[in-house]
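The values are calculated or read from the model by the stated rules, or taken from the named source; none is laboratory data. Remember, predicted model here, so these are calculated numbers, not experimental data. Note that each Cβ is placed from the backbone with ideal geometry, even for glycine, and that neighbours are counted across all protein chains shown.
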Amino acid sequence: MLYPFSRGTGPRPSLPPCPTPPIPRPSSPSTLCPLKFPESKPKEPPVLPGDQDSLLLLDSSPPPYAQPPTPRSKAPTGPSAPSAPSPDSTGAEGQPLASPPLASRLRFRRERGGESEAVWTSQAFPLRSVGGQMQYWPFSASDLYNWKTHNPSFSQDPQALTGLIESILLTHQPTRDDCQQLLQTLLTTEERQRVYLEARKNVPGADGRPTQLPNEIEDVFPLVRPTWDYDTVAGRERLRLYRQVLLAGLKGAGRRPTNLAKVRAIVQGKEETPAGFLERLIEGYRMYTPFDPLAEDRQPDVIMSFIGQSASDIRNKLQRLEGLQGYTLQDLVKEAEKVFNKRETLEEREERIRKEQEEREDKRDKRRNKELTRILATAVQGSGQSKSGQSRDLGDKRGPRVERDQCAYCKEKGHWVKDCPRKGQTQGPKKKPIPVLSLEDED
């Protein structure tokens, strides 16, 4: 049998040998290292939206009044479709359309794109009169959560929380049950007890002053749930008085024991405006003193504290004002604002400090150079005097050289200076010694 690539009847060519399998490389030693995850920062509490359908109480039975009008469908002809009427729209004759109370809590909203039908979204509003009838809606869970999460506690900052509750009482006009729910959410049990105690102390009597009669206190600020109807004028008046007394109790419970040292410790910061400092000072007076700092009889105390506890430059300016007794607190704030606005900026202050430092260094270098020059001059003068004195001393000590048997005094040979006959002649006759009387001579 002949193969296609063979030209003769020779032997069949052998197959090439199989390649040797590759030798696996030795595996390098592996090292296990711990995996470090970045530290996660604590997340801030989210702000819940207020228009959540799940938070509204829509699962109850329908009210006994008519439902809100449904939006009109898009007309087949015409340049544009008429919009759906809102609950607060007016009729053709200018008369307001009769809308049910629930319609005042619905907002008309059209989906994006323009093709989808307009829908009504629910929104809770405060207690208000709609069509001659009071409409009520309780606080939503999102509002209570946001108020509690994003505001300090009553013990930490009573003024801030009192301001929040005051704004809620004025805008929402809550009922007695709503006030209790608000206090239970924002205050602790001990804080609520203090608020109730202070509120019952501020119940006004017939003359407008706080009363001590238990029946009047219980009638205005009851501790049990009353049967007040907010649809009546008398019920709304009772709710208004209850909220007023509750606000007075909050302000009274927020006051600390009288401590003027705490008020004196409030000083103006370096970058704090005079208006901000005055606000903190007034809050300190309200918190640590029993009187109102805005009263006319307390204005001198507040003025003295404002001047004495301001920054140094503002204090010096205010103390040098002529006729300081005639200035009001607002006038002093204006003068303080002038000094505050004339302050140098941070860059100017850094430049001034740098120049002053350079001037001090230059003066220090000049003083050091003068001292070094004086020291060098003194050293050079002292070395010159020592050299001249040393040479003079050497010249004085140096005498004429004499031989071994020569007298150093008369320069003659044969004797020394101690035996020189001329030395005794020049010195003159020797003085006789003065006799000294002693006891032995007397004997």
What are the pairs, 6+ residues apart or on separate chains, where a residue within the range 253-276 that is farther than 30 Å from Glu190 by Cα and in the same structural domain as Pro290 (by TED's automatic domain parsing) has its Cβ under 8 Å from a residue that is outside any loop (DSSP other than H, G, I, E, B) and among the charged types (D, E, K, R)?
Thr273/Glu337; Pro274/Glu337; Ala275/Glu337
Name the residue that is surrounded by the fewest Cβ atoms within 10 Å (Cβ to Cβ), counting only residues in the range 154-175 that are assigned to a loop (DSSP other than H, G, I, E, B) and without any contact (Cβ under 8 Å) to a residue 24 or more places away in the chain.
Gln156
Checking the structure you have, find out if any residue of the range 326-335 is modelled with pLDDT of 90 or more, among the basic types (Lys, Arg) and farther than 17 Å from Val267 by Cβ.
yes
Of everything in the range 282-297, what is surrounded by 12 or more Cβ atoms within 10 Å (Cβ to Cβ) and either assigned to a loop (DSSP other than H, G, I, E, B) or in contact with a Phe, Trp or Tyr (Cβ under 6 Å, 6 or more places away or on another chain) (or both)? Give them in sequence order.
Thr289, Phe291, Asp292, Pro293, Leu294
Between residues in the range 176-189 that are closer than 17 Å to Asp157 by Cα and residues that are not charged (D, E, K, R), which pairs lie under 6 Å by C-beta distance while being six or more apart or on different chains?
Thr185/Leu144; Leu187/Phe154
